[in-house]
Amino acid sequence: MTQKELDYYVQGVTSQNRLVMAKTITLIESTLPAHQETARAVMDALLPHTGKAVRLGITGVPGAGKSTFIESFGMMLTQKGLRVAVLAVDPSSPRTGGSILADKTRMEKLSVNEQAFIRPSPSSGTLGGVARKTRETMMICEAAGYDVIMVETVGVGQSEVAVASMVDFFLVLMIAGAGDELQGIKKGVLELADAITVNKADGDNIDRAKMARQQYSTAMHLLSPPSPDWSTPVMMCSSLTGTGLAEIWDMVLKHRKIMEEKGELERKRHEQSRLWMWALVKEGMEEWFYKNAQVVNLLPLIEKEVVGGRITATSGAARILSFLQNYSLTTT
Amino acid sequence: MAEHPQMKKWKEQAAKELKGKPVEALNWESPEGITVKPIYTAEDLEGLDFVNTLSGMAPYVRGPVGTMYTNHPWTIRQYAGFATATESNAFYRRSLAAGNQGLSVAFDLATHRGYDSDHPRVTGDVGKAGVAIDSVEDMKVLFDGIPLDRVTVSMTMNGAVLPILAGYIVAAEEQGVKQEQLAGTIQNDILKEFLTRNTYIYPPLPSMRIVSDIIAYCSKNMPRYNTISISGYHIMEAGANSVLQTAFTLADGKQYIRAAIDGGLSIDDFAPRLSFFFGIGMNFFMEIAMLRAARYLWNKTVSEFNPKNPRSTILRTHCQTSGWSLTEQDPYNNVIRTTLEALAAALGGTQSLHTNALDEATNLPTDFSARIARNTQIIIQEESQVCHVVDPLGGSYFIEALTGAIIREAGKIMDEIEALGGMAKAIETGMPKLRIEESAARRQARIDQGKDVIVGVNKYRVKDEAPGEVLEIPSTVRDEQIAKLKDIKSKRDSAAVKKSLENITKVAEKGGNLLEATVQAMRLRATVGEVSDAMEKVFGRYVATSRMISGVYSSEYGDSDVIKGLQKRTATFLKETGRRPRMLVTKMGQDGHDRGFKVVATAFADLGFDIDISPMFQTPDEAAKMALENDVHIVGASSLTAGHKTLVPELIKKLRASGAGEILVIAGGVIPPTDYDFLYKAGVVGIFGPGTSIPDSADKVLTLLEQKYLKK
């Protein structure tokens, strides 16, 4: 990589050039080793410019109205003069590898807003998976001076944990249902929540939304809050009419103020970085393991033994691990 | 009834003829999932309660009218709209003289979406795909010299239905024709817009209120007027098969009945004035059976509301031959297709018919192609002698059994919709849209594989075709409309107009009849855009959310070397360049036909592309921002209504201006071959007309990208 190339990315991003931002995100998403090397240098150079934005994670069950919420909430923020970035991850087909990225069809106004930057990404296609892409994309947006970064995630799987571990504030969207509110979303996801908001509180749905809010409030008492200085509020909003959105933003700011005063924000981010490094190490080890030529030869043999019932799964695993023990990290 | 006494023998004989293949191999699985057997007998009529009924009587399977065509043939009604009111008027007068029996008006997209011609969002849309109407003055020109008390007018309008219907009422009034004399139809079928065509303005709830206000106003003031034309045509054109078309259309109808009853009307006040609009495709017997089945199911559906007037339960329908079945390649074949479809509509018992012109796959009809289209019907009516018998196929074992099968299958889907709480609720869940899109993707896969034959497209292709004659819309239409708008606005009583518009806003908010309020405003020369804005203040403008299916195209196509080969190439592209080929598919302008763009999106994703989808109704500026922000390799712009010559070059210009000139741009859809050179010069690198197969277009796109990004 040349200095000129590095300058192109770093200066482009920090001077808020939309085109270069887009290309930088493509760079960090790339699976090519050469691109990854450049990406690392770019990210190192961008690091001093990061850290100032409010990082918001937003999740909810399918149908909770996440995209519509982001559209309305994002529009409100831009009207306050803030610059907003939205990162959305769409699933890639495990069979064909392709993906359909349709988030912007649900964010019609925000997607054409000059104050906003929305980047949908396919979940596969990079070695680091969802988390790496999103985290680094978030940093790119921060370096480009975006004030608020929203990360959207589908609220049913593993990705919440990954997203919660990279944002300052994790918002869970709910809707009023028929008494089975808690079933659609994992309890673990609620434990990550810094706030819960019952969306679609409009029209003849208001009463049901109120009831749902009551139920969640009761339920939240049974869960431990994410921080000793913060108890998770349950709120109500309507992306359609805009009611409750300003209150949510005020609450996010209040949370930030408390966390900053108590030094928790800094601690949280440091802890996130530490965990992040270990996550990368784990990923790197796995990648290295599966790419190793001897492992590639060894695995099917041991697998065959286990499947054939000739040895137990435990001793199969032990054999693989003992191979690793005897294997010098310096040999490749 | 037992099996036909000779059936065993027939099967033995068939087995011999098939040289060992089982007789079941002759069964054909229709796109509807109905198994069509090689032979039908009286046994197949068992349990069918409508066989041997009569026309003009419940359940009306054999026809809504007793004598059917033996007394009056169907009405020849050709849908047409040229860019300006003056040109359209001249065309209507010519076609009335040449044997057309009613008028059918096509409006341009700006009008559909409630924008005046001077609105900045519609620069590419004015006068495209129909006539631009901004005010009563345009309406008066449109119907100049056409006696509205005698000629029935059908208007295809759903979004801006209030100002257009009001404009028609006022134009007639100023001709000296009273409201109660007016006969004709306004489409006013907003539910299907949310399903397929997307030319809505307001969200579903206020849109339904507009529908019921119109029904209420007309049942009081315009007793001869059909207040709604419940349309399956667009549902079919979006890719639905006959069963889906029947089920969704009738379920829409049921929803309108509920809306009108909720608005305080009794079923017999309005149900006799509901009319239908079906699309007729190439599946000849299926189309005939569909119309018969639809009449049966509608009779059953309306009967649930306990009407006193038997007319309330009768399905009367207009039909149009399928636009999707037309091909750009070897276009004279379209005359033959349209003839077969027209015959199917007649044998199915339609009340009026539009036959498509042979060049409608790519452009508006010329006078020549319009004449052939019209004559197709006249020849069937006057030369073929098919009109002498009511329901001539009634009693055919096959037709009756097929009718029964559609009644059964469509009935199931209607029950499913009922269980969801009716069509409005079903639309909210996205179910109907996904079913239609799935059906479309499957059909595309069958065509691409050659399972469904289209002559001139996937079989018997002609090499080196000469491009045909094309009707060009002059780009001055918008300027002319803008000048007229200025003129009207300078001459009218602005204070009175302002007051009338405020009244519309008030009625929208607080209640009252919106059509009544709109008629007052249009009389004072308020414009279509102003009236629409006055309501938008209260109702808001609707934004559709797209849900996408995936995996359907490749699963219908099955394991094939073609698909695998393309998947391998996208995988290679990933390996060599670090990411998959990424394409933005976008629709610019006010055209809402989204089948093509969705089929391409879902099929390309199945081939291993990362596909970005833009919201509908984009400006070139907005599409360029999205392409750049998502950092795509290539943009595919879909155009079906002649916006390509302004919007696509504008997009390329915007991309270049923002430093993203390396993003390739291709165009697809209804683009006349005569425009290809123009587009290539503007920087378009590939053009895909109707009938291009997915594997072909994917191959070309990949080749473009491989040339640009892969090491030689």
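What number, rounded to the nearest 500 deg cm²/dmol, is the helix-based mean residue ellipticity at 222 nm of chain B, given -39500 (n - 2.57) per DSSP H run of at least four residues and division by all its residues?
So the helix-based figure for chain B works out to -15000 deg cm²/dmol.
Rounded, prolate or oblate: pick one for the protein assembly as shown, where a ≥ b ≥ c are the square roots of the eigenvalues of its C-alpha gyration tensor, a/c under 1.5 means rounded, and failing that, prolate if a/b is larger than b/c, else oblate.
Prolate shape, in that a/c is at least 1.5 and a/b is the bigger ratio.
So what's the gap between the Cα centers of the stretch B:1-29 and the stretch A:46-87, to the nearest angstrom?
With the stretch B:1-29 and the stretch A:46-87 each reduced to a Cα centre, they are spaced 66 Å.
Cα-Cα over 31 Å: which of B:Lys484/B:Lys510; B:Lys489/B:Lys654; B:Lys128/B:Lys681; B:Lys412/B:Lys510?
Details: B:Lys484/B:Lys510 33 Å; B:Lys489/B:Lys654 34 Å; B:Lys128/B:Lys681 22 Å; B:Lys412/B:Lys510 40 Å.
Correct reply: B:Lys484/B:Lys510; B:Lys489/B:Lys654; B:Lys412/B:Lys510.
Quick one: angle between helix A:33-46 and the longest Cα principal axis of chain A, in degrees between 0 and 90, rounded to 10, please.
With rounding to tens, the tilt is 40 degrees.
Accessible area per residue of the stretch B:259-385 at 1.4 Å probe, in Å²?
33
Provide the percentage of antiparallel DSSP beta bridges, counting only those with both residues in the protein assembly as shown; round to the nearest 5.
Antiparallel bridges make up about 5 percent of those DSSP assigns within the protein assembly as shown.
So if I place +1 on the C-beta of Lys and Arg and -1 on the C-beta of Asp and Glu, and nothing else carries charge, what would the dipole magnitude of the stretch B:557-670 be about its Cα centre? I want it in debye, nearest 20.
Dipole magnitude for the stretch B:557-670 comes out near 180 debye.
Name the residue from B:Leu393, B:Tyr168, A:Met1 whose Cα lies farthest towards the positive end of the charge dipole of the protein assembly as shown, charges +1 on Cβ of Lys and Arg and -1 on Cβ of Asp and Glu.
A:Met1
So how much slack lies between B:Lys300 and B:Phe284, counting 0.36 nm per residue of separation and subtracting their Cα-Cα distance, in nm?
Stretched fully, the B:Lys300-B:Phe284 segment lengthens by 3.3 nm.
In the stretch A:19-58, what residues drop by 20 Å² or more in accessible surface going from the chain by itself to the full protein assembly, probe 1.4 Å?
Checking the loss per residue gives A:Leu19, A:Ala22, A:Lys23, A:Thr26, A:Thr31, A:Leu32.
Percent antiparallel among DSSP beta bridges with both residues in chain B, to the nearest 5?
Approximately 5 percent, going by the DSSP bridge assignments.
Taking +1 at the Cβ of each Lys and Arg and -1 at the Cβ of each Asp and Glu, which of B:Thr366, B:Thr156, B:Phe688 sits farthest along the dipole of chain B towards its positive end, judged by Cα position relative to the Cα centre?
B:Phe688
Using a/c under 1.5 as the rounded threshold, could you call chain A rounded, prolate or oblate? The axes a ≥ b ≥ c are square roots of the C-alpha gyration tensor eigenvalues, and prolate needs a/b larger than b/c, oblate otherwise. Mind dumping the intermediate values first?
Values: a/c = 1.97, a/b = 1.35, b/c = 1.46.
It comes out oblate by the Cα gyration axes.
With θ taken as phi - 60° and the coefficients 6.51, -1.76 and 1.60, list the Karplus ³J(HN,Hα) couplings across the stretch B:271-277 in order, rounded to whole Hz; mark glycine and proline as x.
4, x, 9, 7, 10, 10, 8
³J(HN,Hα) across the stretch A:60-70 via Karplus (A = 6.51, B = -1.76, C = 1.60, θ = phi - 60°), whole Hz, x for Gly/Pro?
x, 5, x, x, 6, x, 4, 5, 5, 4, 4
May I ask for the angle, rounded to the nearest 10°, between helix A:206-221 and the longest principal axis of chain A, with both axes built from Cα atoms and the value confined to 0 to 90°?
Here the helix axis deviates by roughly 50 degrees.
Before we go on, tell me the buried accessible area for the B/A pair, both chains summed, 1.4 Å probe, in Å² to the nearest 100.
Interface area, both chains combined: 2900 Å², rounded to the nearest 100.
Report, as an integer, the average count of C-beta atoms from other chains found within 10 Å of each Cβ along B:46-57.
On the way: counts 0, 0, 0, 0, 0, 0, 0, 0, 0, 0, 0, 0.
For this peptide, the per-residue mean of nearby foreign Cβ atoms is 0.
Rounded to a whole number, what % of the accessible area of the protein assembly as shown do carbon and sulfur atoms account for, probe 1.4 Å?
Percent of accessible area from carbon and sulfur atoms in the protein assembly as shown: 55.
Using the heavy atoms of the protein chains alone and a 1.4 angstrom probe, what is the accessible area of the stretch B:578-655 per residue in square angstrom?
With all protein chains present, the stretch B:578-655 gives 16 Å² per residue.
Work out the mean other chain Cβ neighbour count within 10 Å for the residues of B:623-636 and drop it here as an integer. Display every interim value, and only then the final one.
Numbers: counts 1, 0, 8, 5, 1, 5, 12, 11, 10, 3, 1, 0, 0, 0.
Per-residue shielding by partner chains comes out at 4.
Helix-only estimate, please: 222 nm mean residue ellipticity of chain A, summing -39500 (n - 2.57) across DSSP H runs of length 4 or more and dividing by its residues, to the nearest 500.
Helix contribution divided over all residues of chain A: -16500 deg cm²/dmol.
If you count, for each residue, the other Cβ atoms within 10 Å and average over each peptide, how do B:8-14, A:90-96, A:38-44 line up from highest to lowest?
A:38-44, A:90-96, B:8-14
Note down the nm distance, to one decimal, between modelled labels 7 Å out along Cα→Cβ at A:Leu321 and at A:Arg274.
Label at A:Leu321, label at A:Arg274, 2.6 nm between them.
When the Karplus curve 6.51 cos²θ - 1.76 cosθ + 1.60 is applied with θ = phi - 60°, which whole-Hz ³J(HN,Hα) does each residue of the stretch B:589-599 get, with x for Gly and Pro?
x, 8, 6, x, 6, 10, 4, x, 6, 6, 4
If R0 is 25 Å, what FRET efficiency do you get for B:Val389 and B:Ala58 from their C-beta distance, rounded to 0.05? List each step's numbers first, then the result.
On the way: r = 21 Å, r/R0 = 0.84.
Efficiency, from the Cβ-Cβ distance: 0.75.
For the pair A:Leu32 and A:Glu247, how long in nm is the line joining their label points, each one 7 Å along Cα→Cβ?
Simple spin-label model gives 5.2 nm for this pair.
Taking 40 Å² as the minimum loss, tell me which residues in the stretch B:523-554 lose that much accessible area going from the chain by itself to the full protein complex (1.4 Å probe).
The answer is B:Val543, B:Ser546.
So for the stretch A:1-131: antiparallel DSSP bridges make up what percent, rounded to the nearest 5?
Taking every DSSP beta bridge within the stretch A:1-131, about 10 percent pair in antiparallel fashion.
Using modelled amide H (1.01 Å from N, peptide plane; none on Pro or chain starts), what sits under 5 Å from the amide H of B:Phe107, excluding residues fewer than 5 places away?
B:Val131, B:Thr156
Compute the long axis of helix A:129-143 from its Cα atoms, compare it with the longest principal axis of the Cα atoms of chain A, and write down the angle in degrees, 0 to 90, nearest 10.
Compared with the principal axis, the helix lies near 60 degrees.
The values are calculated or read from the model by the stated rules, or taken from the named source; none is laboratory data. From a predicted model like this one, the values you see are computed outputs, not experimental measurements. Don't worry about glycine lacking a Cβ; one is built from the backbone with ideal geometry, like all the others, and counts go over all protein chains shown. Surface accessibility is based on the protein's heavy atoms, side chains included, excluding ligands, DNA and RNA. Shrake-Rupley method; radii C 1.70, N 1.55, O 1.52, S 1.80 Å.
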